[in-house]
Each structure stands twice: as structure tokens, then as C-alpha cells.
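Here, each number is a calculation from the coordinates, and none is a lab measurement. A quick note: this is a predicted structure, and the numbers were derived from the prediction, not measured. Please note: Cβ atoms are built from the backbone with ideal geometry, for glycine as well, and neighbour counts cover all protein chains shown.
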């Protein structure tokens with residue numbers, strides 16, 4: 001076995017030894033989306049009911065309490081139209097905010113993993129990173145209710161507040177970014193549940209949303225900054241002829257940092 | 001009233017109409033090419049998925065309410081397709097149509113390439 005991935009010195013971009021950290025592609029987005037749709041409350045004759053959120057359906061041994069929300073990951077697609085070849089590597093330009101919108105820090109980051117690159121740079125070092133590649137994560141968020149009232153209340157909240165008819169933003173705690181998201185469609189999917197006591201109606205509304213994510217092409221590396229730049233001008237009437245030292249326009253000795261006056265008057 | 005003098009030559013409008021007709025015909029042919037590619041691609045993908053295999057032959061492209069649609073229309077297959085696409089209590093969603101972005105991109109490219117080949121530039 002050979003190759004980059006077999007290099008014993010290579011370390012994974014993200015350490016998933018502790019998945020409860022919720023850091024890494026899909027881990028961070030799943031966690032942020034669940035947080036985003038959680039906390040809804042609906043009224044009932046027995047008092048307010050907090051709407052639970054699950055990935056896929058609740059396990060059989062859990063008591064299913066309606067209404068509840070399920071999240072299904074549908075797929076990931078590259079967003080080719082947003083793949084650019086220019087990436088401005090300037091640690092001071094990017095601004096990252098907290099969930100409440102206050103500025104947290106400036107700099108570069110590792111997508112879905114960390115709010116910074118984690119590189120210890122010296123004064124003479126900069127950073128080189130290949131452009132992050134934009135991807136679109138497809139999710140289905142389904143609202144399940146037993147009563148028409150709860151179904152309408154939650155559908156109304158989802159269409160006006162949770163997934164409004166305009167691009168909205170979901171905060172991701174893992175890397176302190178805000179991810180653009182859009183509602184693609186809302187599909188009614190009401191059905192009947194047959195039990196021993198008879199059939200019961202189940203109101204279901206499936207919301208399909210897309211959420212942005214960025215993937216690394218390679219790891220960021222520290223590079224030495226160029227501290228000096230020395231430019232010499234030479235004249236040559238024939239570019240195919242080797243340049244002689246005598247063609248050096250400026251034969252005056254000069255030291256770095258001192259301006260050099262070059263006479264560009266064409267010579268006969 | 002002064003006599004009006006035509007600014008545009010007599011043959012110009014005829015040529016313009018002929019060009020528009022050609023563009024229309026080429027666009028329709030390109031669209032049909034792209035739709036055929038999309039339909040066949042979806043059928044092949046469906047045939048490889050357990051929940052969609054029986055429904056694959058019923059996937060088609062059609063016009064509805066003035067809009068171009070790809071899917072399964074009417075009958076029991078439509079209901080079964082909806083359950084497969086969006087899932088239910090026993091099965092997770094198997095999003096065949098919602099995950100067809102790559103196929104749609106390839107179908108669009110086929111149509112664009114056809115127009116480029118015939119007319120020398122993309123009209124769509």
C-alpha cells in the first residue's frame with residue numbers, strides 16, 4: 001500500500017475519536033440543523049407540548065409522542081457554479097460571528113471542524129490553502145402530527161419562521177460559520193396508521209431544504225513569506241540571444257532597499 | 001402626410017423569420033434530446049434501487065399545466081412513488097428525483113452541445 005493516504009505522518013483532518021464533539025462534515029451540519037428546528041412548542045388541553053426532534057424515526061422502544069419532527073439526510077451534491085479558482089488567503093479578512101451575531105474572530109478556518117486552521121505560524125510565515133469547494137447538503141425535515149390543529153400550527157411556523165420563502169442562515173457551532181440554506185419544496189404526505197384499535201390519521205409535511213457546506217481539497221500548510229524582492233532590468237535587442245552582463249542597464253552597485261535610477265533612453 | 005420609406009430591406013424580415021424558425025426547430029430537437037437522456041437516466045437509476053425497481057418503467061417526462069414534469073403520473077404507481085420518495089414510518093426516504101441534479105446537469109449539457117453543433121452557438 002502506498003500513496004499519500006498511507007503516509008504514517010499524515011493525520012486525519014478531523015479526529016473523530018469522540019463523535020460527540022459533533023465536528024466534521026455532516027456531523028456538524030446534522031447537529032446544527034437539529035438545534036435549528038428544536039424547541040418548538042404547541043398548545044394542548046393538557047398544557048404545552050415540546051415538539052421532539054429525531055434523526056429518522058424514533059426507535060420502537062421509545063414512546064412516540066406526537067407531534068414530533070424527523071430529519072433525514074438525502075444526499076450531497078457539488079455546487080459547481082460556485083467553484084472558483086481564486087481564493088484570497090488573508091487571515092485578517094474573514095470574519096466569523098457567534099450565534100448571536102457578535103464578532104468572534106477574524107481569520108481562516110477548517111470547514112465543519114474548527115473556527116481556525118490550527119497552524120502555529122511565526123512572523124515570517126503565511127498560510128497557503130487550496131480553494132474550499134462548495135457543496136449542497138440535501139435534507140428532508142418531516143413534521144408528524146396527530147391533530148389537524150397541531151399540523152396547521154407547525155406548518156405555519158415552518159413556512160414563516162423556520163424555513164421562510166427566502167434564503168435563511170443556520171449557525172454551525174463547530175466552525176463558527178453561518179450556512180446559507182433554502183427551502184426547495186414542501187410536500188403534504190398525510191397518511192393513515194393502522195393499529196389494533198383501528199386506523200388513525202397521521203398528518204405529515206415533508207420539507208426539503210438545501211444547506212451549504214465546504215470541503216477541503218487539501219490541508220493548509222505554512223509557507224515562508226518572501227521578505228525581499230530584487231529586480232534587475234537588462235536590455236537586449238534580440239530575445240533569442242543570451243544576455244550579457246554588459247547589457248545590464250544599471251551597472252552601478254546598489255544595495256537592497258536603495259532606489260536605482262535606470263536610464264531607459266533608447267541607445268543607437 | 002409625407003410618404004413613409006422602409007428603413008429595413010424587404011428581405012431582412014424574411015431572413016429574420018427564417019432564422020427564428022430554425023432556432024425554434026433546433027431548440028425543440030435539443031430539448032427532446034435532453035429529456036430523453038434524463039428519462040432514461042432516471043429509469044436506470046431507479047432500476048438499481050430496491051424500492052424503485054418496479055416503478056422504473058413508469059418514469060416518464062410529460063407536460064402538465066404548461067410545465068415540463070418528470071415523474072410518475074396517475075394510478076397506484078404515483079402513490080407508491082410518493083412513499084418511496086418521501087418515506088414513511090417504516091422506510092426512510094429514497095430520494096430518486098430530488099437527487100437527480102447531476103443527471104439534469106448532464107441532460108442540459110447534451111441539449112446545449114446539440115445546439116452548439118447545429119447552430120454554432122448556444123441559444124438556450
* Going highest first, how would you order A:47-57, B:101-111 by mean Cβ packing within 10 Å? -> B:101-111, A:47-57
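Using Cβ contacts closer than 10 Å as the measure, can you line up A:144, B:91, B:58 from fewest to most?
Neighbour counts put them in this order, fewest first: B:91, B:58, A:144.
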* Expressed as a whole number of Å, what is the distance separating the alpha-carbon centroids of region B:69-95 and region B:6-48? -> 32
* Structure fact -> Under Stokes-Einstein, chain B at 4 °C and 1.567 mPa s, with its Kirkwood radius over C-alpha pairs, diffuses with a coefficient in µm²/s of 74
* Asked: Hey, what angle do you get for helix B:101-119 against the long axis of chain B, alpha-carbon based, 0 to 90 degrees rounded to 10?
  -> 30
* Relative exposure of A:221, A:210, judged by other C-beta atoms within 10 Å (fewest first) -> A:221, A:210
* Roughly what angle does helix B:75-86 make with the longest principal axis of chain B, taking Cα atoms, 0 to 90 degrees, to the nearest 10? -> 80
* To do: May I ask you to sort A:223, A:172 by Cβ crowding, counting other Cβ atoms within 10 Å and putting the fewest first?
  => A:223, A:172
* To do: Quickly estimate the mean residue ellipticity at 222 nm for chain B, helices only: each DSSP H run with n ≥ 4 gives -39500 (n - 2.57), and the total goes over all residues, rounded to 500.
  => -19500 deg cm²/dmol
